[in-house]
Structures are given as structure tokens and as C-alpha cells.
1. Do you know which residues across region 243-276 are open to solvent by less than 30 Å² (accessible area, probe 1.4 Å) and farther than 30 Å from Glu53 by Cβ?
2. Check region 127-144 and report whether any residue there is modelled with pLDDT of 80 or more and in a helix (DSSP H, G or I).
3. Of everything in region 174-185, what is in contact with a helix residue (DSSP H, G or I) (Cβ under 9 Å, 6 or more places away or on another chain), in a helix (DSSP H, G or I) and over 11 Å from Leu152 (Cβ atoms)? Give them in sequence order.
4. Check whether at least one residue in region 111-122 is assigned to a helix (DSSP H, G or I) and either modelled with pLDDT under 85 or under 30 Å from Val45 (Cα atoms) (or both), and report yes or no.
5. Condition test on Glu234, is it in contact (Cβ under 8 Å) with a residue 60 or more places away in the chain, surrounded by 12 or more Cβ atoms within 10 Å (Cβ to Cβ) and farther than 30 Å from Glu72 by Cβ?
6. How about region 53-81: which of its residues are open to solvent by less than 20 Å² (accessible area, probe 1.4 Å) and within 30 Å of Leu152 (Cα to Cα)?
7. From the list Glu188, Glu195, Glu166, Glu171, which residue is open to solvent by 30 Å² or more (accessible area, probe 1.4 Å), more than 26 Å from Val52 (Cα to Cα) and in a helix (DSSP H, G or I)?
8. For the structure I just gave you, tell me whether Leu275 is of a type outside the set (Phe, Trp, Tyr) and in contact (Cβ under 8 Å) with a residue 60 or more places away in the chain.
Amino acid sequence: MAYPVRVTTSEGEQGGGGGAPRPEERLEQAVRAAEQALIEFEIAVETFRVEVENFSRLHEQKLGPVYARLEELDARILEAKAARTGDPEDLRRADEARSRLMPIPGVEELMNGWMDGDGLFPEATAMLTDQPVRPPQRVRPSEEARRLYRDLARKAHPDLAQEEKERRRREEFITRVNDAYARGNEAELRELAAEWAAGPELERAPSAAEELYARLEWLARRKELLTLVAKELEEGAIGSMLRLAPDDPDRLLEEIAEQLRAQVAEREAELAALLA
């Protein structure tokens, strides 16, 4: 996942102003550029993480019942075959398939409200039979929420702090920002923006050369960690699916649902033939 970042500096920062440049000036510019690049990278990774989480939730709510129906049909098909043949190996496979479907504690919570003790809820049944169904709750941040999040992340990022106390304050604040963004709460993000604007502003004191070098090393390690996080998100099952249709994930879910419903119909026909 590539997130190109362009960081510019003013003419004065580039040594175009009056007076001789300080020895640490170029190193300070490199640290500032690395900090801004890392912040932009973190914003991109966090944005993608939220998209993956939201798509995963929609995937489970919309397709979970269909997958469950397929597994039930597979178990019944194996049981029907075993009943016909009486073969010990067929019986073993049927028992294994059935054991995977046995109820476990907390199954209702795991199914996110799609199943109770009597089987699938009406919403799930309707989905399997192509009837109208209430769409699952979607949490997808708006463009304004994205803009607010990016602006807050740039201004309040903990990596911009030079003192431990200020870093802790920023970390606590960014945690609240991330939570509001994950819920797509635009109003809360506006409130957080106003809170940050009214908060204390600390001047950034020049760093010694040794501290600047240490800062660059830390930023490099942080970038490596974020690169691994981004790779895991992209290569995961949900991330890979989301990348197939980043602009219209709902359509992708519908296409997958159609394929699964076709498989359900095939399994039902196979089971009916075995039971005939």
C-alpha cells in the first residue's frame, strides 16, 4: 500500500533567509519532513483499518447466515450419504461435520443476533430466500468526517510532542479522535476540533543534534511497524476483498451473496436427491 506524501518547506527554512544557517538546520528539516510523512502514513493506515473493520462487520451481518446455511446443508448431505452406505468413514465424516455445528455457549452473541434457540431469525431467513430484509447498520465515515479526522491527526499527533507530559495529553486526545472516527461521528469530531483549538499550545524548542538523530531513528522504526500493520490489513481476507471494489463494497457483497445463494440451491437439490 503506497501513500505518497509531499512535504514542503518555506524559503526561510531552506536557508534562503538572512544569516548563516545553524549546523542543525538541515537535520531539523529532515526530522520535520519525516514526522509529517509518518503522520500522513498513520492517517492512511488508520483510515484503511476503519474501512476493513466496517466492511468486516457488514460482511458478517449480510453473509454470515448464508455461510451457516451452507455448513448445515453440507452436514446433512454427509449424514444422508452415511445413512445410505453405512460406511464407517462416511459416518466419521458426518459426525465431524455435525460436531462443528453443535451449539456453543454464547452462540447468539457470536451470530450477532441472527440466530436463537429456534433457528434463524426472520431477517436471516428472508435474506436466504431473496425476500426484502432490513439492511445491516453501516458505519462508513463521511467525507467531512475524513477531513476532520485528518486535520486533527496532523495537529494533535503525539509524535509532534517534545515533552512526555504533552505526549500523554496528545495520546489521550488522539484515542478519542480515533474512536469518534471509527463510529463515523461527524458531530463529535467537530467538538474535538473545537476542544483542540481552545487547548494549550506548547512551543517546540529546538533539539540538540543527538536528539534529532535519535528522533529520526525512532521515526524509521515506527514506519517499519506501520508498514507491517498495513501489509497485514491488505493481505487479510477482508482487506483483499475490500480492495476488489473500494468504491462500491456493497455491490461486491451482493455479488458474493448471489454466488452463495446459488451454492445453497445446489446443496438443497443434492440433499433432496439423497433423501428421495
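The values are calculated or read from the model by the stated rules, or taken from the named source; none is laboratory data. Small disclaimer: the values here were computed from a predicted structure and weren't measured. Glycine also receives a Cβ, built like all others from the backbone with ideal geometry; neighbour counts cover every protein chain displayed. The accessibility values were calculated without ligands, DNA or RNA, using every heavy atom of the protein model including side chains. Shrake-Rupley method; radii C 1.70, N 1.55, O 1.52, S 1.80 Å.
1. Passing the criteria: only Leu271.
2. Yes, there is a match, as at least one residue in region 127-144 is modelled with pLDDT of 80 or more and in a helix (DSSP H, G or I).
3. Of region 174-185, the ones in contact with a helix residue (DSSP H, G or I) (Cβ under 9 Å, 6 or more places away or on another chain) are 174, 176-182, 184-185.
Going one step further and asking which of them are in a helix (DSSP H, G or I), we end up with 174, 176-182.
Selection gives Asp179, Ala182.
4. Of region 111-122, the ones assigned to a helix (DSSP H, G or I) are 122.
Then keep just the ones that are either modelled with pLDDT under 85 or under 30 Å from Val45 (Cα atoms) (or both); that gives 122.
Checked region 111-122: at least one residue is assigned to a helix (DSSP H, G or I) and either modelled with pLDDT under 85 or under 30 Å from Val45 (Cα atoms) (or both).
5. On the way: in contact (Cβ under 8 Å) with a residue 60 or more places away in the chain: yes; surrounded by 12 or more Cβ atoms within 10 Å (Cβ to Cβ): yes; farther than 30 Å from Glu72 by Cβ: yes.
Yes: the conditions hold for Glu234.
6. At the first step, the residues of region 53-81 found to be open to solvent by less than 20 Å² (accessible area, probe 1.4 Å) are 54-55, 58, 63-66, 70, 73, 75, 77, 80.
Matches in region 53-81: Asn54, Phe55, Leu58.
7. Values: Glu188 fails: more than 26 Å from Val52 (Cα to Cα); Glu166 fails: open to solvent by 30 Å² or more (accessible area, probe 1.4 Å); Glu171 fails: more than 26 Å from Val52 (Cα to Cα).
Of Glu188, Glu195, Glu166, Glu171, the one residue that is open to solvent by 30 Å² or more (accessible area, probe 1.4 Å), more than 26 Å from Val52 (Cα to Cα) and in a helix (DSSP H, G or I) is Glu195.
8. Working: of a type outside the set (Phe, Trp, Tyr): yes; in contact (Cβ under 8 Å) with a residue 60 or more places away in the chain: yes.
Spelling it out, Leu275 is indeed of a type outside the set (Phe, Trp, Tyr) and in contact (Cβ under 8 Å) with a residue 60 or more places away in the chain.
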